[in-house]
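This report concerns only the one structure given below.
A short reminder: the numbers here are calculations on the coordinates, not readings from a lab. This structure is a prediction, so every number in the text was calculated from the model and none was measured. Heads up, the Cβs are rebuilt from the backbone with ideal geometry, glycines too, and the neighbour counts pull from every protein chain shown.
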Amino acid sequence: SVKTIIDEGRIEPVLLGSRTKIETKMKDLGLYETLKDVEIITPRKADNFKEFYLEYTKKKQRDGVSVYHAEDLMALENYYGAMMV
């Protein structure tokens with residue numbers, strides 16, 4: 001779990017998604033106080049969102065991915081997270 005990772009101090013976790021939804025879930029699970037300082041990124045609102053979807057467009061252009069399709073894909077946490085790596 002994220003709490004275990006934080007407690008062990010091995011890496012700094014980043015959660016991807018809607019801040020409101022993530023914080024609500026944290027509160028529902030009784031983990032808000034423990035996890036309130038974890039970085040939360042909403043892909044579409046991130047500073048590097050445009051950079052990521054333009055780069056993805058370049059890499060996937062031969063596969064027929066348009067800039068509009070890449071933008072929609074990059075809004076998904078899985079795609080955004082992969083570009084972060």
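Within a straight-line Cα-Cα reach of under 26 Å, Lys3 can be paired with the following lysines, leaving aside sequence neighbours fewer than 8 residues apart in one chain: Lys21, Lys25, Lys27, Lys36, Lys45. At 4 °C and 1.567 mPa s, what whole-number value in µm²/s does Stokes-Einstein give for the translational diffusion of the chain, with Rh from the Kirkwood sum over Cα pairs? Taking Rh from Cα pairs, D becomes 91 µm²/s. Taking amide H atoms as placed 1.01 Å from N in the peptide plane, the amide H of Ile41 lies under 5 Å from those of Leu15, Leu16, Gly17, each 5 or more residues away in sequence or on another chain.
Sort region 2-41 into rounded, prolate or oblate with this rule: let a ≥ b ≥ c be the square roots of the eigenvalues of the Cα gyration tensor; rounded if a/c is under 1.5, and if a/c is not under 1.5, prolate when a/b is larger than b/c, oblate otherwise. The shape class here is oblate. Between the Cα long axis of helix 49-60 and the first principal axis of the chain there is an angle of about 50°, rounded to the nearest 10. In plain terms, the chain is cut at each of the trypsin sites (Lys or Arg not before Pro) found in a DSSP loop with at most 11 other Cβ atoms within 10 Å, and the longest leftover piece is 37-85.
Computed over region 44-84, the P(r) tail beyond 14 angstrom holds 34 percent of alpha carbon pairs. Pairs of Cα atoms nearer than 8 Å and 6+ residues apart set the relative contact order; for the chain it is 26 percent.
In straight-distance terms, cross-link reach from Lys58 covers every one of the aspartates and glutamates whose alpha-carbon lies under 14 Å from its own, apart from those fewer than eight places away in the same chain; here that gives Glu71.
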